[in-house]
4 protein chains.
Amino acid sequence: MGFTAAVAGASGYAGGEVLRLLLGHPEIEIGALTAGGNAGSRLGALQPHLVPLADHVLQETTADTLAGHDVVFLALPHGRSAAIAERLGESTVVVDCGADFRLADPDAWQRFYGSPHAGTWPYGLPELPGARERLRGARRVAVPGCYPTAGTLALFPALADGLVEPDVVIVAASGTSGAGKAPKPHLLGSEVMGSATAYGVGGAHRHNPEFTQNLSAVAGAPVTVSFTPVLVPMPRGILATCTAPVRPGTTAAAVREAYRRRLADEPFVHLLPEGTWPATSMTLGANTALVQVAVDEAAGRLVAVAAIDNLTKGTAGGAVQSANLALGLPETSGLPVSAVAP
Amino acid sequence: MGFTAAVAGASGYAGGEVLRLLLGHPEIEIGALTAGGNAGSRLGALQPHLVPLADHVLQETTADTLAGHDVVFLALPHGRSAAIAERLGESTVVVDCGADFRLADPDAWQRFYGSPHAGTWPYGLPELPGARERLRGARRVAVPGCYPTAGTLALFPALADGLVEPDVVIVAASGTSGAGKAPKPHLLGSEVMGSATAYGVGGAHRHNPEFTQNLSAVAGAPVTVSFTPVLVPMPRGILATCTAPVRPGTTAAAVREAYRRRLADEPFVHLLPEGTWPATSMTLGANTALVQVAVDEAAGRLVAVAAIDNLTKGTAGGAVQSANLALGLPETSGLPVSAVAP
Amino acid sequence: MGFTAAVAGASGYAGGEVLRLLLGHPEIEIGALTAGGNAGSRLGALQPHLVPLADHVLQETTADTLAGHDVVFLALPHGRSAAIAERLGESTVVVDCGADFRLADPDAWQRFYGSPHAGTWPYGLPELPGARERLRGARRVAVPGCYPTAGTLALFPALADGLVEPDVVIVAASGTSGAGKAPKPHLLGSEVMGSATAYGVGGAHRHNPEFTQNLSAVAGAPVTVSFTPVLVPMPRGILATCTAPVRPGTTAAAVREAYRRRLADEPFVHLLPEGTWPATSMTLGANTALVQVAVDEAAGRLVAVAAIDNLTKGTAGGAVQSANLALGLPETSGLPVSAVAP
Amino acid sequence: MGFTAAVAGASGYAGGEVLRLLLGHPEIEIGALTAGGNAGSRLGALQPHLVPLADHVLQETTADTLAGHDVVFLALPHGRSAAIAERLGESTVVVDCGADFRLADPDAWQRFYGSPHAGTWPYGLPELPGARERLRGARRVAVPGCYPTAGTLALFPALADGLVEPDVVIVAASGTSGAGKAPKPHLLGSEVMGSATAYGVGGAHRHNPEFTQNLSAVAGAPVTVSFTPVLVPMPRGILATCTAPVRPGTTAAAVREAYRRRLADEPFVHLLPEGTWPATSMTLGANTALVQVAVDEAAGRLVAVAAIDNLTKGTAGGAVQSANLALGLPETSGLPVSAVAP
């Protein structure tokens, strides 16, 4: 084991998934586990599925308890990461699973989060053009949001190659774990089972500016994004259905070739064989994103679909993938590529 | 009881739901129940939830067994309805839950179904402008598809009032019962639970031409439709997320007013209070469609969402609603408006 | 409409289900709706599936707001019903969906609820020997718990006929709505989907003494009960698997005959044809209990299984059924017998 | 990599899970994958979640294609294993995930399977007294059934220590994957979601004689078993609720101590802290069995509950665990102990 890791927010879903992955990581040893209200509890009482860590006791989330590790994973409510990161020093790799450092535009942050902008860290989606290089050896990483992970991976080849107009519509079905572990009436099993519902409609979801930022960067020009998240009855998984008008002259073959070329060497993002469409079950617990794309000739639109596990590739797996790059480890270390299915 | 009804395809999901509704219908008495391969079985062996009909025995689906009723509901595989309807005579109201008579364009039929076009019957979506009048006293009714029911109800006020460009994107999450009762590997519980998956992507779904027909008629001009269905883990329900660019000058207030005005008198379609978004669970077992709409200023798009129960308003409830009109009964007879929730 | 009803606790699951049933009741008109913390809200914001009541405003739960109706349904946290009932007067039929008046034994109450015993009201399970007569014209009714409804209906024919030893084991799978609408971490959709878990094991569940009381009364002798509830991922439904040693000489035919005879005239409890086992989906939204029974010769045991909808026959449907008897209405008024399936 | 493995029945659920585990096994390399009707297909078309094996092509299941590996996992319909095993020779470790070689009693086999008895192999439940030793170096292993795995692990400490009477009742809730991938109407998602149903009631399930065999062996005397499986809406997981009368003098402390002692050194079976009850979600994808036990003083019964993943510890994980012992590898090689949750 070359490295040690601390996890802040170890009692939540993101923190628990970071731990699950670290338990299988050959190069990273688990150190301090911290929490807010749950500090003092056995991890076994809160994350009973992490059997080997059952007797670890959660400490308070403070810079002191987190200090002294090679990498610190933060899985905290937004607004909390800056103060901690500041005190951890530049020698520590800090990987923030939250939103605080994702956006480059302070106005966009202010508009969607209503608080001062903490700053901008290297964005942890290595598959984006140029991103992998920026993440190698980075000391700070902002892990992408789960929806932007899925939607960006589905659309970037088309936008990067200029195959579609910069006016995209994304409708993404998500499991409930993305909403976290804090109990709210609309997240009760009784409410979510048997039901699908849209929320954050009309541009209100906080992942909106992150989509705009990602896709505009890839396209090299402003991209208009209409994003609607839909809550569906499953614990995990995001299926992002993304569409944009094809540019004149864009053929289905050109689209396929662009996706093939841009995803060919990716260890975690796979273009499925023609005619096979991704299902979230194909990614459960894996750091994999599965992508398929088609051109609807009658509608003049490209339709790209991506499936991920929101807690793995969409959060904790993305975090570990970036941490691997930051620490100089093989990018794929400790990251499952096969899903648990059915 | 003024009228008698026969149900062909009584062993399937659509036929079963027609029966459930007819059991509560004050003016229609249930007569012959027919099936294909299940003829000869007790209904209780196939539809055990319909306790009062448990001892009814299914007859063969033939024009003879169906004849002599005031109304015949056909819930058959496509291509089967024309021959039966022909022999039932014009005095019988025939309500076809299948696709055979939905499309006006024989070419579109041929392209999507690959068989000769059977014809075109009055379209059973009374909420569309002019439709209710055409259905009153009709002897033939083509029940809309489940997806087109949801998407059309979500979009028609905006298109009819010219508030949006005729270029719409519809992504609709659906429960599994829309795929019917014939066992297929990808519909196994083990496969669908915990998974969301898109299918019929890129304009391939057979409901595509029905969407185009409905929305173009409402808009009074050709409407381009991009439609993607998404299978999600619930037995029933469709949540259609629909978006189109707002026309210059369209305000959020104008949009709201258009929806309010066009839906105000509808007994089964309701615009929810601002800020409340429909969930399919709010419609389970009810003939209700719940609609909400917003304008995304940044994206320049209207987003409308509709929730229905695919088997009730999306199939059997729509069928009974149209049958009521055809028979001269109150449109709402026998149709539940409250859902079973949670 | 001959009668008026008030519903206390109209924002919860039990209260909502009472309202759903009353909306379809031909003889009872809905009057005051009351709540605790939700008083002042539109019902539409809390029970959006009850479309016709969307604009009703919840009043405070007090004897004053509930007074003046023919029947008052109480769906309150335990310990609250006595004070209200006292002030409603003897002319009002009070139907308590809670536990307060179910138990005859004050010690059992004290042991399981830790508070003073409020008293004992006629027990609202009309199917039990003698119960129907006691409920006709009653002014007070204690609605049975959902688990005891299922388990008692499954076992009483065998115990009443002395076919089994008075030593029963009941393991009942339940949907999540039985746990109510108050958000708790272990009831989140993320937690319950994909998971089955036992709770209240070892005799700790509060329905234990109710089981003992019911089954002992039926058997005419003390019955030992081992009861384990199991939470499974569905919103509604209880499947009770009940077993007891058969007495020497008991044949499978005698068992079948006892069940047939004792259930033959019941409008809501049905013995399924041999070889068909009940599923909770066959009862969703219906006031039906479906029962099947077998004798395991090798194990020397009778196994009886009952399926109900915990909110309908298990709570609100049972409440309305008893209210019908109390008010002198046909027992079946307003009570659905067909389920919403699939 | 010291060893090579072939998997027969690689297109089914059990075979797929064996492959998922072997992909993470440090000492076993995957060789031939075979199937029946699916021979010739890419594995990616059938097991899309096993991304690294997507391009492997399934061969015919024959002794020839399976020969030449160190270990062969058979995941075949029952009745098929004997002929293949015979031809593989004694140097090959053959691990049969099916039922063919589980039972010692030819009559029991004949009664429950209706075909000639193939024989008896060492039983792959290393946690049973003496079993681990028999499995070390074995060349043939019969993997236990999923229900017997759960129920036996829950009960054996109590029976082995003579704390309970030899008369047990087991009611086990199971996910749907145990029923396999062959499409049948009652296994459709539309049917299983929202529903719980018992089957094989009254001693009819084929796992019955396996339970009797296991528990009698542990108790050292015939044990009477009443077993009822209950299908619940989740893809994976078994929760076995098991109860038996406590013997005179058995205290709760003695029970706890027996479980603690007998499970203390087990790498995959864990007694949870008092008051915590197992949930199947705590075991998803892990080779873990979680156990809890209580004594119901009023009922005079011990209640033990075990949760497993039916495809992991209940089938494929158990198979790999036994293969590890047979091959002389560490028992825990390649077996996940943390679950994917939520």
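The values are calculated or read from the model by the stated rules, or taken from the named source; none is laboratory data. Because the structure is predicted, anything quoted here is derived from the model rather than measured. Methodologically, a virtual Cβ is constructed for each residue, glycine included, from the backbone with ideal geometry; neighbour enumeration extends over all protein chains shown. Only protein heavy atoms, including side chains, enter the accessible area calculation; ligands, DNA and RNA are left aside. Shrake-Rupley method; radii C 1.70, N 1.55, O 1.52, S 1.80 Å.
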According to the Kirkwood expression over distinct Cα-Cα pairs, how big is the hydrodynamic radius of region C:147-310, in Å? 16.1
Compute a Gaussian network model of chain A, connecting alpha carbons closer than 10 Å, and tell me which residue from A:HIS78, A:HIS69, A:HIS49 fluctuates the most. A:HIS49
What angle, in degrees between 0 and 90 and rounded to the nearest 10, separates the Cα long axis of helix D:252-263 from the longest principal axis of the Cα atoms of chain D? 20
Once you wrap a convex hull around the alpha carbon atoms of region C:1-103, what is its projected area averaged over all directions, in nm²? 6.1
Which value in nm describes the separation of the simple spin-label points at A:ALA221 and C:TYR199, placed 7 Å from the Cα toward the beta carbon? 5.6
Taking 8 Å as the Cα distance limit and 6 or more residues as the minimum spacing, I'd like the relative contact order of region A:147-310 as a percentage. 32
Determine the calculated [θ] at 222 nm for chain B from helices alone, applying -39500 (n - 2.57) to every DSSP H run no shorter than 4 residues and normalising by the residue count; nearest 500 deg cm²/dmol. -7500 deg cm²/dmol
What's the lysine pair count for the protein assembly as shown at a Cα cut-off below 13 Å, pairs eight or more apart or interchain? 6
Over the Cα atoms, compute the radius of gyration (one decimal) and Dmax (the largest Cα-Cα distance, rounded to a whole number) for chain B, in Å. 19.3, 62
Output the direction-averaged projected area (hull surface divided by four) of the convex hull of the alpha-carbon atoms of region C:231-342, in nm². 8.2
With springs only between Cα atoms under 10 Å, which of C:ASP309, C:ASP96, C:ASP296 fluctuates most in a Gaussian network model of chain C? C:ASP296
FRET efficiency, A:ARG134 to D:GLU29 (Cβ-Cβ, R0 25 Å, nearest 0.05): 0.10
Rounded to whole Å², per residue accessible area for chain D with a 1.4 Å probe reads 30
Could you pull the accessible area for C:LEU23 with a 1.4 Å probe, rounded to 10 Å²? 60
Rounding to the nearest 10 and keeping the result within 0 to 90°, find how far the Cα-based axis of helix A:13-23 lies from the longest principal axis of chain A. 80
Determine by what factor the alpha-carbon radius of gyration of region B:141-223 differs from 2.2 N^0.38 Å, reporting the quotient. 1.28
Place +1 on the Cβ of every Lys and Arg and -1 on the Cβ of every Asp and Glu in region A:147-310, take the dipole about the Cα centre, and give the residue among A:PRO185, A:THR276, A:PRO245 whose Cα lies farthest towards its positive end. A:PRO185
At 7 Å along Cα-to-Cβ for each site, give me the label-to-label distance between C:THR62 and D:GLU274 in nm. 4.7
Counting only protein heavy atoms and rolling a 1.4 Å probe, how much accessible area do B and A lose on contact, total for both sides, in Å² to 100? 3000
Roughly speaking, to the nearest percent, how much of the protein assembly as shown's 1.4 Å accessible area is carbon and sulfur? 53
Given an 8 Å cut-off on Cα distances and at least 6 residues of separation, report the relative contact order of chain C as a percent. 18
Rg/Rh for the protein assembly as shown: what does it come to with C-alpha atoms and Rh from Kirkwood? 0.95
Averaged over B:179-189, how many beta carbons belonging to a partner chain fall within 10 Å of each residue's beta carbon? 6
Most fluctuating residue of D:ALA54, D:ALA118, D:ALA219 in a GNM of chain D with Cα springs under 10 Å: which is it? D:ALA54
Taking each residue of C:41-54 in turn, how many C-beta atoms of other protein chains fall within 10 Å of its C-beta, and what is the average? 5
What average count of beta carbons from other chains do you get within 10 Å of the Cβ of residues in D:270-277? 4
Whole-number D in µm²/s for region A:61-202 (Stokes-Einstein; Kirkwood sum over Cα pairs; 10 °C, 1.306 mPa s): 91
